[in-house]
Ligand code: XMP
């Protein structure tokens, strides 16, 4: 693999993704991993990420010079560039000349900048600067305030740039990164969706042997792709369990029960649990209470269904030993892989499974990023409605009805939500919007007039947001005529609703969901 050494900024994941976009397999390792262990992974190349520190800060991570003597090509980025300079005898100084944001870099030599224009726009974010390159290095570029903005030692195959080639604001960033990978390090671009599938199918077969496997389907992308991969590997040894809690949006249960099954041929066990969830939610209005109830009932339903599946598998002579989970690479990195990275994500995952289930885990997506998961799903022939689906919370519409959850209210919200989604898709804006919760204020009523009559109906809230990772978000500036169409249609077609309002709050202070 190409290893990305994480100095604790949030850029390491982005770098690893960019490397994969170049069809090269990459992994993230913490900077605290000793050099011999890094080298023991047999890296084809190493990239040192940016980081929040100054090389002069008291606890600044140092780079062991041994890393540069192993003959492995290394590319230092921002902090990694400075750490490399310092480790090899160059000079890094507090020049007082800070650079933040878009800057013009002027090339003075080619090397990994070959093919890029003589002046290019790059994204900078640094206080310290390399003022003298280490012996053996050629300076490749400079900016107005930074004399050494990029350097290379072609003989030792060591390279570095002060800017962040991984962010899109660095216009030729991907090109520079690929120049390092292909020309500098001589890596082959062999990581493709087809290979990913082949490799994982092989690995799953080895892990599972002839045992039976179960998998919970939620209607979302990750569980669907994980299940489809396992199905591709072991066929009918896999049984999928779908707990229909009655809190999904219009058409989503059918997507799982009909379209997904048709596309994959997966063996499906459906647990119809609408009554159970509605019963447990009766009279409950407190959001946390709702989440707890839905989470608890989900686990109970899943366990009961899993037991049934296990019983029939045991009768067939192949007991269930494995449970498929759709864990993604960012979850792996964030829960310990990326030491030094600020731990920003510890999301309440209602709708997840308990940790003490008596199964070994199969996690076929553990090394993949979300966009790779989608690509794999498409290659496996999954329906676009599932593969392209925007994030949707485990507790479903249960936390989008403000007030008690009842069957009637669910029906109202489902119709309004379907209209909003349909219009958003028709406007071609699915990609621009991270997600658009549609919320029913079931305990609020307002006066309206429809035809000649007075109405006393409920408001619907539209909550379109744009986001990178759901940790922060901004409200999406949807075109007015789209908003007007959604509003007209909902108030015309959903009798109980006489008002549509737009949520114009960023996160923070508002969360994306209302409950
Ligand atoms: P908030 O409302 O916290 O949501 O800003 C952030 C993102 O997480 C989703 N979300 C959940 N996803 N189980 C999930 O699987 C949950 O319990 C849950 N609650 C919120 C939400 O839709 C948004 O994408």
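Results, tabulated for the structure shown:
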{"read-out": "Boolean, residue 245 is farther than 25 Å from residue 321 by Cβ and either in the same structural domain as residue 320 (by TED's automatic domain parsing) or surrounded by fewer than 20 Cβ atoms within 10 Å (Cβ to Cβ) (or both)", "value": "yes"}
{"read-out": "Positions within the stretch 86-109 being under 20 Å from residue 166 (Cα atoms) and either touching a helix residue (DSSP H, G or I) at 6+ places or on another chain (Cβ under 8 Å) or surrounded by 15 or more Cβ atoms within 10 Å (Cβ to Cβ) (or both), in sequence order", "value": "99, 103, 105, 107"}
{"read-out": "Leading residue by the ranking (farthest from residue 10 (Cα to Cα)) among those in the stretch 302-336 that are assigned to a helix (DSSP H, G or I) and within 16 Å of the ligand (Cβ to nearest atom)", "value": "302"}
{"read-out": "Matching residues in the stretch 473-494 - criterion: being surrounded by fewer than 16 Cβ atoms within 10 Å (Cβ to Cβ) and either in contact with a strand residue (DSSP E or B) (Cβ under 8 Å, 6 or more places away or on another chain) or in contact (Cβ under 8 Å) with a residue 12 or more places away in the chain (or both)", "value": "474, 479, 493"}
{"read-out": "Residue match in the stretch 206-213 (condition: farther than 20 Å from residue 4 by Cβ, within 21 Å of the chain's Cα centre (by Cα) and in the same structural domain as residue 295 (by TED's automatic domain parsing))", "value": "no"}
{"read-out": "Every residue from the stretch 384-393 that is within 16 Å of the ligand (Cβ to nearest atom) and either surrounded by fewer than 20 Cβ atoms within 10 Å (Cβ to Cβ) or not in a helix (DSSP H, G or I) (or both)", "value": "388, 389, 390, 391, 392, 393"}
{"read-out": "Lone unmet requirement of (1) touching a residue at least 24 places away in the same chain (Cβ under 8 Å); (2) crowded, with 16+ Cβ neighbours inside 10 Å for residue 280", "value": "(1)"}
{"read-out": "Search result, residues across the stretch 495-515 that are surrounded by 17 or more Cβ atoms within 10 Å (Cβ to Cβ) and away from the ligand (no atom under 16 Å from the Cβ)", "value": "496, 497, 498, 499, 500"}
{"read-out": "The lone exception for residue 189 - which of (1) modelled with pLDDT under 95; (2) under 30 Å from residue 75 (Cα atoms); (3) part of a loop (DSSP other than H, G, I, E, B) it fails", "value": "(1)"}
{"read-out": "Close pairs (7 angstrom Cβ cut-off, 6 or more residues apart or separate chains): on the phi > 0 side of the Ramachandran plot in the stretch 380-405, at pLDDT 95 or above and not in a helix (DSSP H, G or I) anywhere", "value": "396/245; 396/247; 396/248; 403/285; 403/442; 403/443"}
{"read-out": "Answer from 442, 470, 427, 411 - the residue that is within 22 Å of residue 389 (Cα to Cα), over 25 Å from the mean Cα position of the chain (by Cα) and either surrounded by fewer than 18 Cβ atoms within 10 Å (Cβ to Cβ) or more than 16 Å from the ligand (Cβ to nearest atom) (or both)", "value": "411"}
{"read-out": "Failed item in (1) more than 26 Å from residue 402 (Cα to Cα); (2) over 24 Å from the mean Cα position of the chain (by Cα), with residue 251 passing the rest", "value": "(1)"}
{"read-out": "Subset of the stretch 397-408 that is part of a helix (DSSP H, G or I) and within 13 Å of the ligand (Cβ to nearest atom) - its residue that is surrounded by the fewest Cβ atoms within 10 Å (Cβ to Cβ)", "value": "399"}
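Residue-by-condition table, conditions (1) in contact with a helix residue (DSSP H, G or I) (Cβ under 6 Å, 6 or more places away or on another chain); (2) modelled with pLDDT of 90 or more; (3) assigned by TED's automatic domain parsing to the domain that holds residue 247; (4) away from the ligand (no atom under 12 Å from the Cβ):
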{"site": "340", "(1), (2), (3), (4)": "no, no, yes, yes"}
{"site": "343", "(1), (2), (3), (4)": "no, no, yes, yes"}
{"site": "348", "(1), (2), (3), (4)": "no, no, yes, no"}
{"site": "358", "(1), (2), (3), (4)": "no, no, yes, yes"}
{"site": "365", "(1), (2), (3), (4)": "yes, yes, yes, yes"}
{"site": "373", "(1), (2), (3), (4)": "yes, yes, yes, yes"}
{"site": "376", "(1), (2), (3), (4)": "yes, yes, yes, yes"}
{"site": "382", "(1), (2), (3), (4)": "yes, yes, yes, yes"}
{"site": "395", "(1), (2), (3), (4)": "yes, yes, no, no"}
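The values are calculated or read from the model by the stated rules, or taken from the named source; none is laboratory data. What you are looking at is a predicted structure, and each value in this text was computed from that prediction instead of being measured. We place every Cβ from the backbone using ideal geometry, glycine too, and count neighbours over all the protein chains shown.
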